[in-house]
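The next block holds one structure in the form of structure tokens; read it before the comments.
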Amino acid sequence: MSLLPHKHLLSLADYSEQDIAILLDTAERMKEILDRPVKKVPTLRGVTVVNLFMEPSTRTRISFELAEKRLSADTLNFSASGSSLSKGETLLDTALNIEAMKIDVVVMRHKSPGSPHFLARHLDAIIINAGDGCHEHPTQALLDMLTLRQKFGTLKGLHVGLVGDISHSRVALSNIIGLSKMGAHVVLCGPTTLIPRGVERFGVSITHSLDETIRTCDALNILRIQLERQEAGLFPSLREYQAYFGLTRRRLDQAKAPLTILHPGPINRGVEITSDVADSEHSVILQQVTNGVAVRMAVLYLLAGAQPVAAETKM
Ligand code: CP
């Protein structure tokens, strides 16, 4: 029984403002557990989670596994390499076979957009999207929103710039959906070739000037140039990209007030952001990573936990 009116977390589009607020509030409570000397509670004892990662990941994979362990779930890790996928087994057969071993939750990362939705149609298990191609990365947007809320107290009325490769970024779409639902205003900044046509329908502003974005925003989420997903020729060279859209200390100094800098990682240092900015006092990049564990604990607890929220005092 889910503590949210949802069985799965596939897309933030399915979640209301209230659902997102519950997730963020629960993540704050989970953070308290992470600050204790003994960072473990029995909340998900008896629940089995398989982390089905078919694309590389450092932050998401480790933080999901840590979140599962902190909540006392039984955790299994599946990697495509070394599995029977290499012998021709389909994704669905692989998932059905894993489910036949009596697992409760599948955390899935896959290069194909919609693959978690596909599994949700065929499996009884709870499915959590940990990034599906260029589509969505809901838990990343939740941890970005949690980090911004901690910094500013509220998301309402905040101006957040998403800078760079919007077209190939699942982080961008989940942030656009989540931040808009929570009352923030989203500004997209990047080369024309990296901003999807029709994205205005989400109520965002679009600019091709990083300097303008810096002058008008409270926070910037700098997106990685996704070299592995791009066709050639979307911008002339990395050097030219850096010249127009790379965040440098000189550019940052034009901000009306100190800007908060986020980056989902992994960082291409010297391309979308220079090291002196990424490591500066304005950066909350490592705070995002810390919040990632709390957010994933909250998602697992709310979707797979059977206790009512009032019983959380036992955690
Ligand atoms: N932000 C993020 O998804 O990072 P990983 O690819 O390392 O999981």
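We did not get these values from a lab; they are worked out from the coordinates using the rules stated. Given the structure is predicted, the values throughout are model-derived calculations rather than measurements. Heads up, the Cβs are rebuilt from the backbone with ideal geometry, glycines too, and the neighbour counts pull from every protein chain shown.
Out of every Cα-Cα pair in region 130-229, what percent are more than 16 Å apart?
When all Cα pairs of region 130-229 are counted, 51 percent exceed 16 Å.
Suppose every K and R has +1 on its Cβ and every D and E has -1 on its Cβ; what is the size of the dipole of the chain about the Cα centre, in Debye to the nearest 20?
Charge dipole, the chain, about its Cα centre: 400 debye, nearest 20.
Go through region 255-309 and name the trypsin sites (Lys or Arg not before Pro) that are in a DSSP coil and have 14 or fewer other Cβ atoms within 10 Å of their Cβ.
K256
Roughly how far apart, in whole Å, are the Cα centres of region 47-76 and region 20-37?
18
Just rank M182, M30, M101, fewest to most, by other beta-carbon atoms within 10 angstrom.
So the residues, fewest neighbours to most, are M101, M182, M30.
What does region 51-156 give for Rg and for Dmax, in Å, if only its C-alpha atoms count?
Spelled out, the Cα radius of gyration and Dmax of region 51-156 are 15.0, 51 Å.
Report the equivalent ellipsoid semi-axes for region 187-247 in whole Å, largest first, defined as the square roots of five times the eigenvalues of the gyration tensor built from alpha carbon atoms.
Working through the eigenvalues yields semi-axes of 20, 16, 10 Å.
Can you give the Rg to Rh ratio of region 27-78, both from alpha-carbon atoms, with Rh computed by the Kirkwood formula?
Rg divided by Rh gives 1.00.
Using the per-residue mean of other Cβ atoms lying within 10 Å as a proxy for protection, in what order, highest first, do the peptides 156-167, 114-125 fall?
The peptides rank, most packed first, as 156-167, 114-125.
Measuring from label point to label point, each 7 Å out along Cα→Cβ, what is the R197 to T58 span in nm?
Between R197 and T58, the label points sit 3.7 nm apart.
Which trypsin sites (Lys or Arg not before Pro) does region 44-80 hold that lie in a coil by DSSP with at most 12 other beta carbons within 10 Å?
Here the trypsin sites (Lys or Arg not before Pro) that fit, given the DSSP loop and packing criteria, are R45.
Which listed residue (L252, H135, S167) has the Cα farthest towards the positive end of the charge dipole for the chain, taking +1 on Lys and Arg C-beta and -1 on Asp and Glu C-beta about the Cα centre?
Checking the options against the dipole of the chain, the answer is L252.
What ratio of Cα Rg to 2.2 N^0.38 Å holds for the chain?
Taking N as the residue count of the chain, the ratio is 0.99.
May I ask which residue of Q288, L234, T90 lies farthest towards the positive end of the charge dipole of the chain, with charges of +1 (Lys, Arg) and -1 (Asp, Glu) on Cβ and the Cα centre as origin?
Q288
Using a 7 Å offset from the Cα along the Cα-to-Cβ direction at both T90 and A21, what is the distance between the two label points in nm, to one decimal?
4.3
Which entries of K39/K111; K39/K156; K87/K111; K7/K40; K111/K181; K40/K156 show an alpha-carbon separation above 22 angstrom in the structure shown?
K39/K111; K39/K156; K7/K40; K111/K181; K40/K156
Rg and Dmax in Å for region 190-298, alpha carbons only: what are they?
Final numbers for Rg and Dmax: 14.6, 42 Å.
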